[in-house]
Structure formats: C-alpha cells, structure tokens
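The values are calculated or read from the model by the stated rules, or taken from the named source; none is laboratory data. Note that the structure is predicted; figures quoted are calculated from it, not measured. Quick reminder, even Gly has a Cβ in these numbers, built from the backbone with ideal geometry, and neighbours come from all protein chains shown. Accessible surface areas use protein heavy atoms only, side chains included; no ligands, DNA or RNA. Shrake-Rupley method; radii C 1.70, N 1.55, O 1.52, S 1.80 Å.
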Amino acid sequence: MALVVWVALPLPATLAAPGPVPRLVLLDRHGLPLRATRGDAGRGGWTSLADLDPKLLQAFLAVEDRRFYEHRGVDLRALGRALRDDLRARSVVSGGSTIPMQLVRLLRGTPRTLPGKLSQILWALRLDAHLDKQTVLEQYLNRVPLGQGTAGVTAAARLYFGASARSVSLGQAALLASLAHAPSRDNPFAAPARARARRATALARMAAKGYARPEDLARANAEPLLVHDATAPFLAPHFTTRVLQWVERDGVIPTGERRTTLDLGLQTALEAEVRHTVDVLQDRSVAHAAVVVLDNASGDILAWVGSPNFFADTAGQVDMVVSPRQPGSALKPFVFGLGFDRGLTPASVLPDLPRTYQTTLGPYRPRNYDRQFHGPVRARDALGSSYNVPAVELAQRLGVASLLATLHNAGFETLEHSAEYYGLGLALGNGDVTLLELANAYRALANGGSWRPVKWTATGADATAAGAVERRVVSRQAATLVLDILSDPVARVPSFGVETPLDFPFKAAAKTGTSRHFTDNWAVATTGRFTVAVWVGNFSGRPMQGVGGITGAGPLLHRAALLVAERYPPGDLPTPAQVGANPVRVCRLSGLRAGPDCPPMTEWFIPGTEPARDCDWHQSRQVVLPAEYAEWAHAPPAHPEGRVAAAPLHILSPKDGDRYSLPSGVDPRFATIGLRAAGGDGSEVRWFVDGREWREPRWRLVPGPHMIRAVTARGESDEVRIEVR
C-alpha cells in the first residue's frame, strides 16, 4: 500500500525540467579553446520531440526498448532475460533497463548496483504514472550520453555528422542509437571498428521492427561513420578524444573548463609535418604517421598527433600514439642500460658472430640488418650502430626475465606476456608497445633513469597519474652512459653513415627501430628539455617498401625536434663526468687499456668498472684476436652492399631451418618475409615456394612447413626449409 501511495505522489517540480545540457570546454596550455563537449549552443542543446527526425525515435526504440509503448515503465520480460544471462555468465552482461529506467539513472544518478537497480525500477514506475510516453522519450533523447562528452541526440548529431537532429540519415540514426549501451567504448572516435559493427546490429534491429526496408540496409551500412563539421571547434582531435575518456566517470563528463598541457601552436605545426611525411612516402607504401612530444621535467604532453587525418573515413580515428605495435630496435637502449648496471661498460666487447640459441620455442639465430657479422664489437658501437646479434647476446647474459622487469619499470604496460613468451627477441622489440610508452621511457633516461607518469592537465589531479608512483628504471650513471652513446654520431657511422637525420644542431640522444616485417618504423630523440617520438607505417599492417629508420621515421623525427626546439630550448643532457664517470684511454678494438700499438680513444666508465689490464690484442704491430673470432677473421670478405661475393648462388633470407610466427595485430595478407639471394654471377633469380613459382619479392607467410628454392637462368640453385606457426 505504501508503494502505491509513493508512486501516486507528484513528481518533484525540477526532476524532469528541460536542460540545460552540461558542457565541458578543453583549453590548451595558453588558454586557447581546443574542443567543447557539445556542438549546439541554443537552449543547452534541447530539442522537442516534434522537431527530432522520426528515424531517431525508431532507432532508439528498436535498440534500447522494443516494448516501450507496451510496458508501464518496467519490462518484466527484459528483466527476466537479463537475470538469466547474468546467471549463466556469472557476471553482469545485461541490465534489462527500459528507457524510463535509464532516464531515472540520468535524472537521479542511481549507481550500477542491485539497490540502484531497485531504485530505478521504483522511480520508472512513478515516472510512467505521471508522464506520458512522449515526454519520457523527449527527456531521454535529450539527456542520453552518446560519447565524447555529448548529452542528447542533438549534440551527438552535430559532433559526429555536423548535422541537425531534425534531419539525419538511416545510418546516422542507427549509429547514435547504438552508442547508448557503451558510449565511451563504442563511439566512432574511440573505436571506429566497434562503432561500425554496433551500427550494423542496430540497423538489423530496425529492419526486424519494420522501421527500415531490407533494401535500405546496404546503403545505410555503407555510410561514412563521421562527417566532419569544419565550423565546429575540434582541434587536436586524438588528444582531446583521449582526455574525454580520462575524465569520464561512470558515463558522466564533468562541466566547466579544463586547461590541458597541449601547445596548440606546436600541435598544428606537427600535424602539418605528419601530413607532409605521408605525402612524400606514399610511393613507398606508407599511409600513416604519428608524433607525441613530452616535457621532460613535468611530463606535460605538449603535442599528440595520432594520424595524418582524423576525419579520414577509412581509419583516421585510429590513434597510433596509444595503439600497441612492435618497436624493433627502439628497445635496445634499455638492454644496454640494464647491462651497465650489471658491470658492462661502453668499452666491453660483445661477439657479433653466428650463434644459435636453444630456446623453449626452438632454435633462434639472430641476424643483423645488413646480413653481416662484425666480429668483436664494443658496446658503444653495438648500441650506436644498432647491431642485433650483440644485443641478443647481452640479453642472454642478463636474462629475459630481468629485461622484462626493467621494461615494466620503464612504463611498458602493454608488454603483458611472460618472459618465456617473448624470449630473446624481446631485445629486438618483438613485444607490442605504444608510442606514448616509448616516449615516456626515453624521458625516464633523460631524467636520470627515473620513470614518472605523463600529465595532460595543467591544474588539478591528472587521471593518467592515478595510482602511479616514481620508479627507478636504471641507475643515473647507466642512463647517462646510454644517452652519451645515443648522442654520439661516431658510434652510428658503421651502420648509418656520416650524415643522418639523427644529427641535430643541439645535443640529443636518438634511436630508431623497425619491426621485423617492416610494418612499423619508429624514431625517438630526447634532449635535456623534451622528448619527441614518431611512428611511420600503415594501420593495416601492410609492409612498407624500402623504408627504414633513416629514410622513414628519421626525417620526420628530425623536423619535429627542430620545431619543438623553436619553442622550447633543448637544454643539456647530463654528461658522464657530471655523474662521476671516469675517462680512460682504451683500445678501439679490444676495449682494454690502450697500449703503444693500439688505435686509442677515450671511454667513460662507472667507478670500479675500468679495464684492469692493457690490451694484448695488438702484439708487435700484429692483431691477435681471441680464439672465438678465428673463424670470423678468416671468412671470405663481404661485398660492400652486404651480399656475399662468392660465385655460387646462396639464399640470404630466409635461412634454412628458420621458424616464423604470424605476428599479432597484423592483417595476414601483410605478414611476409623478404626473399633475398646473392651470388650466381648476378644472374636473375626465380623463386619457387613448395614447387610453385613466386614472382613477388616478398612471400606471404602461410602456416606449415615449406621449401623455398632460388634458381638462376644458368641453372644454379639453392634451397632452404622453413616452418611457419
């Protein structure tokens, strides 16, 4: 009886009063507007039901409440079905909420708990008793959150389509209705693929209810997800989209103004550089690029460019600043940093020799980018020239588990698997990381080996830093030695030559990285003041053609760093002398103390790690290498272009016995390996895979055992057997 009396009581006068709709404005660090969370300035975005396109009403009824006009605020059938599904899944997978119940939650802020659900049911009964169906529907359509800070269909239609809610297409109506279930997760800015799939489901439900003809579905599904409204303020789109996800709490966006750390002038200049880069490299199968810039001292995000064109219908909303991909050699500095803390020195000699490592995944034979072995290599040259074989050898000595722990301390949270999963390939960047993680990890090196979270807001608590504490990655001395090597142009000469895009008119430590299948190209530079990280490649995973770190991401990094330096003085990186390292004259070949016959150089050593003995590799004007380098020393000379100069035909790639794994997150069409051969007197090579001729320079990976054969016109041939898993 008390429930009946309570339901019959009049509603509070202000409970269902129209608008205004909450509004959040994001500003750059100088107070310039970047974006507002709704696109309609009139009456707080409120639109009467009579002025809304009927397709919107039909779409929301089909998706959110099919029996809206039949129940009295609560759909017992829907609640029963939701309870059954939740019990089967042993978690909440369905709520069974009607439109009146959802409206109650929007009006009263009831929590997503069992008591909250009971409160929704009671208030939905009361709403239905006092408000007609049309009023309930108008209230709901003007208040429902639809992602990116929008409240109501009017604001959402303006944001996503630059359109009025008075006139939308069938596909647009279906997309808006599909967002009500998970507006933060499924909106086309944050997840275009999910948004497209949800729209298709909504269209199918509209057709099932008779609101759309079957022949209209194909056209509606083909509509673009977004239609850019050039008149609406929408700057730094990937950055502001991410900020709205950070500030949203339980589907609610705060109101007022928020000043961010972004520098709009720098952002605009870098967006132009990203577009220029893909224009220049489009003939090399490069369609996308991204840049992020951090202030080293504060962690402020100064610029964030996730793609060349946010409003491109294909994949413009994909944000490569936070999309995990394989960074290749860009992780090597952390291998060597850990090594320096374990007694390695920049003068320590590492073997760059053919070697097979027995791992849980089978034999592993690392190779260098130039397909050559360089014998004894000092750690400075191994890191500066980015040799793969010494890096893997060092990872073997240090232990992959220790390396993974160091990378976790450096903020690489996307490395979610075990050390056994990655294996020694972790030293060469076979795990997926994000550009933002990579930039902040290099920032940690510039900050003396100490990691701290990034910041996006100029004032107040930062959602990205919640629960994060400062962590030690490597010691200050080890970090400084890594920076000294990465800023040493001489150490890069063996691999990259005398002039590279990694040379700057100021002190900067720089590194590039390329994923194994040439799908991702990275470059990072850090100075005393800021860190710049760039990515070049294709969202789809399609390999680039002839693009490496020096030709792809390197030029973009160079131009981006110069643009940042125009606004923020680069400052000085710490020097080895400043952290207490000692200079010692050593032999360029052996890394030991230089003798009278040695080619000398000065190297830096953490106290206690200086070489204890003089070089014994140079004896009476002769070079006597340790026994492990004997075979390498007597091997035939290599061709200047990296091809073995021997006459017989020889397959360089792949090697006999190689095992390949299909990379995660890459379209299978683009998972390929290059087919390379040398010798054969330079004759044209024809390739055969499993007995069938293959006419492309790259072979698509297919699971199973395979035989690859190279044949010249003169009848010379070579063959290898590989396995793909």
Accessible area expressed per residue, region 507-558, with surrounding protein chains retained (probe 1.4 Å, Å²): 20
Arrange the peptides 130-140, 339-349, 527-537 so that the one whose residues have, on average, the most other Cβ atoms within 10 Å appears first. 527-537, 339-349, 130-140
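Summing +1 for each Lys or Arg and -1 for each Asp or Glu, what net charge is found among the other residues whose Cβ lies under 12 Å from the Cβ of residue 689?
Details: positive: 686, 692, 695, 698, 700, 709, 721; negative: 690, 693, 696, 719.
Computed value for this residue: +3.
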State the percentage of accessible surface on the chain attributable to carbon and sulfur atoms; use a 1.4 Å probe and exclude ligands, DNA and RNA. 53
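For residue 602 and residue 713, what is the calculated FRET efficiency with R₀ set at 45 Å and r taken between the beta-carbons, to the nearest 0.05? Intermediate results must be reported in sequence, preceding the final value.
Values: r = 54 Å, r/R0 = 1.20.
E between residue 602 and residue 713, to the nearest 0.05, is 0.25.
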With every protein chain kept in the model, how would you rank 271, 684 by accessible area, 1.4 Å probe, largest at the top? 684, 271
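Give the calculated FRET efficiency between residue 420 and residue 365 to the nearest 0.05, with a Förster radius of 22 Å applied to their Cβ-Cβ distance. Intermediate results must be reported in sequence, preceding the final value.
Working: r = 19 Å, r/R0 = 0.85.
FRET efficiency, residue 420 to residue 365: 0.75.
Going by average Cβ neighbours within 10 Å, how do the peptides 142-149, 580-587, 276-283 rank, with the highest at the top?
The most tightly packed comes first, giving 142-149, 580-587, 276-283.
How do the peptides 449-457, 361-369, 607-615 rank, highest first, by the average count of neighbouring beta carbon atoms within 10 Å per residue? Kindly include the intermediate steps, with their values, before the conclusion.
Details: 449-457: 20.3, 361-369: 16.0, 607-615: 13.7.
Highest mean packing first, the order is 449-457, 361-369, 607-615.
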Only helices counted: for the chain, with every DSSP H run of 4 or more residues adding -39500 (n - 2.57) and the sum spread over all residues, [θ] at 222 nm is -9500 deg cm²/dmol
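Taking the Cα centre of the chain as origin and charging only Cβ (+1 Lys, Arg; -1 Asp, Glu), how large is the dipole, in debye to the nearest 20?
Values: 81 positive and 69 negative charges, 388 e Å.
It works out to roughly 1860 debye.
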Which one of 204, 280, 430 is farthest out on the positive end of the charge dipole of the chain, using unit charges on Cβ (Lys, Arg +1; Asp, Glu -1) and the Cα centre as origin? 204
Counting only heavy atoms of protein chains, what accessible area per residue, in Å², does region 94-209 have with a probe of 1.4 Å? 34
Taking the structure as given and computing Rg and Dmax of the Cα atoms in Å, which label from (1) 29.5, 97; (2) 29.4, 93; (3) 30.5, 109 fits? (3)
For the Cα atoms of the chain, what angle does the longest principal axis make with the long axis of helix 54-64, in degrees from 0 to 90, nearest 10? 70
So the angle from the long Cα axis of helix 400-409 to the longest Cα principal axis of the chain, reported in degrees to the nearest 10, equals 50
Just to confirm the number: angle between the C-alpha axis of helix 388-398 and the first principal axis of the chain, 0 to 90 degrees, nearest 10? 80
Once amide H atoms are built 1.01 Å from N in the peptide plane, which residues 5 or more positions from residue 457, or in another chain, come under 5 Å H to H? 261
Given a 1.4 Å probe, how much area per residue of region 401-505 is accessible, in Å²? 37
